[in-house]
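Each remark here refers to the structure printed beneath this line.
The values are calculated or read from the model by the stated rules, or taken from the named source; none is laboratory data. Given the structure is predicted, the values throughout are model-derived calculations rather than measurements. Counting neighbours? That spans all protein chains shown, and the Cβs are built from the backbone with ideal geometry, glycine included.
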Amino acid sequence: MVVGGGPAGLAAAEMLGAHAAVTLVERMPSPGRKFLLAGRGGLNLTHSEPIERFLSRYGAAEPWLRPAVEAFTPDALRAWCGELGQPCFTGSSGRVFPRAMKASPLLRAWLARLDGLGVARRTRCRLVALEPGGALLLDTPEGAERLQPDALLLALGGASWARLGSDGGWAPMLSAAGIALSPFRPSNCGFRADWSEGFRSRFAGVPLKSVGLRFGGTVSRGDVVVTADGLEGGAIYPLSAALRDAIEARGSAALALDLRPDLHRDALTARLARVRGRESLSNTLRKALSLSPAAIALLREGDGPPPRDPAALAALVKAVPVVLAATTSMDRAISTAGGVRRDAVDERFMLRARPGTFVAGEMLDWEAPTGGYLLQAAIATGRAAAEGLLAWLVPPVS
């Protein structure tokens, strides 16, 4: 039995269905709901960068995830999509997408493959208890049901986007079963900043395009969106783990925002110096540097007025300090860190405290930036846990 119908659970059911009778259990009315949401942005499946660089994106979890990803590499994932009739392409950033640029065709083909393998699906069924001896209790539309599968694979997701079925509600149940967990924390998330009322009311929802962000020696480029209470968007996600950790340790984190990352500070200084001195600060920044109204207003959010000296103003444009005080809510995060700790499972992803029960996907304690790394590891660990389950269920003949 596989419990959880996200990418990790579907990948596990596919692997197991070729060798055993499998039932896939999902608490929502249909599987893959968070997967479908990810597809609204084009469904970034994986990344085309060299494998060692790819693996480094998992940080401290890289040694743990490496065997699973090496067994099902980004190239293998692309080939798998092609087999399902959903060929992929690589964008200019190196990110890999299905040509359809959405998740629904891939999900339909995936579920059709599971049907062809004879995988049974049960929806609207919630796992409510893991009992001693390998039994489990489900809350089903027909009432409580106690089952005793030969082996169990859990792919219950993380703790974000609860309305799609990923609420982390399984954590107390596993903790009560003696399984070591790390607390959930938001990852790939937005952050809160103490904007002035004028800035908030005028610019909430306005993007800052093609900016650079710097924190702790790491630089990211792209777009961010000003929200009513802070910043959110693709450029801040690669820094989210470091920013979150700094906020937890020190209470705040100072992000440096480069409004013109394409130009050196000396070039900015020269452009500013050419503007006539009687121009207002807003006109100077608009004419010399083509800054948007939101970017100009951000320069005014500091403790004092921006300097008029061209060199000092250029330095500020290259590193506008934005103090971040907290992450946004965990439910709004793209993904979460925390979950089943590495020392709670063996090399096959089997729970040490519960032989015959395997875990995969985002319920494991790892995190990665956006860019295809999340889906890649979810699918790869689902397949690896399924391989481990099969080896445990039917040990190879020596």
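A compact table of results
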{"item": "Given (1) farther than 25 Å from PHE349 by Cβ; (2) of a type outside the set (D, E, K, R); (3) part of a loop (DSSP other than H, G, I, E, B); (4) within 20 Å of the chain's Cα centre (by Cα), index of the condition GLY169 fails", "result": "(1)"}
{"item": "Residues being touching a helix residue (DSSP H, G or I) at 6+ places or on another chain (Cβ under 8 Å) and assigned to a helix (DSSP H, G or I) - total across region 280-292", "result": "7"}
{"item": "Boolean, ALA193 is at pLDDT 95 or above, out of contact with any strand residue (DSSP E or B) (no Cβ under 7 Å at 6 or more places or on another chain), of a type in the set (Gly, Ala, Ser) and under 16 Å from VAL320 (Cβ atoms)", "result": "no"}
{"item": "Set VAL322, VAL359: member being more than 30 Å from PRO63 (Cβ to Cβ) and in contact (Cβ under 8 Å) with a residue 40 or more places away in the chain", "result": "VAL322"}
{"item": "Matching residues, region 367-397, being within 20 Å of LEU77 (Cα to Cα) and not aliphatic (A, V, I, L, M)", "result": "GLU367, PRO369, THR370, GLY371, GLY372, TYR373, GLN376, THR381, GLY382, ARG383, GLU387, GLY388"}
{"item": "Verdict on ALA353 being within 34 Å of the chain's Cα centre (by Cα) and not assigned by TED's automatic domain parsing to the domain that holds PRO132", "result": "no"}
{"item": "Qualifying residues in region 258-273 (those that are in contact with a helix residue (DSSP H, G or I) (Cβ under 7 Å, 6 or more places away or on another chain) and of a type outside the set (Val, Ile, Thr)) - the one surrounded by the fewest Cβ atoms within 10 Å (Cβ to Cβ)", "result": "ALA273"}
{"item": "Condition check for LEU16: over 30 Å from ALA242 (Cβ atoms), in the same structural domain as TRP110 (by TED's automatic domain parsing) and assigned to a helix (DSSP H, G or I)", "result": "yes"}
{"item": "Subset of region 130-184 that is surrounded by fewer than 16 Cβ atoms within 10 Å (Cβ to Cβ) and charged (D, E, K, R) - its residue that is farthest from ALA385 (Cα to Cα)", "result": "GLU142"}
{"item": "Given (1) within 28 Å of the chain's Cα centre (by Cα); (2) at pLDDT 95 or above, index of the condition ALA100 fails", "result": "(2)"}
{"item": "Counted residues, region 356-383 - those being modelled with pLDDT under 95 and farther than 28 Å from GLY39 by Cα", "result": "0"}
{"item": "Number of positions in region 243-276 that are more than 18 Å from ALA319 (Cα to Cα) and small (Gly, Ala, Ser)", "result": "4"}
{"item": "Residue list for region 219-247, restricted to those being surrounded by fewer than 17 Cβ atoms within 10 Å (Cβ to Cβ) and in contact (Cβ under 8 Å) with a residue 40 or more places away in the chain", "result": "ARG221"}
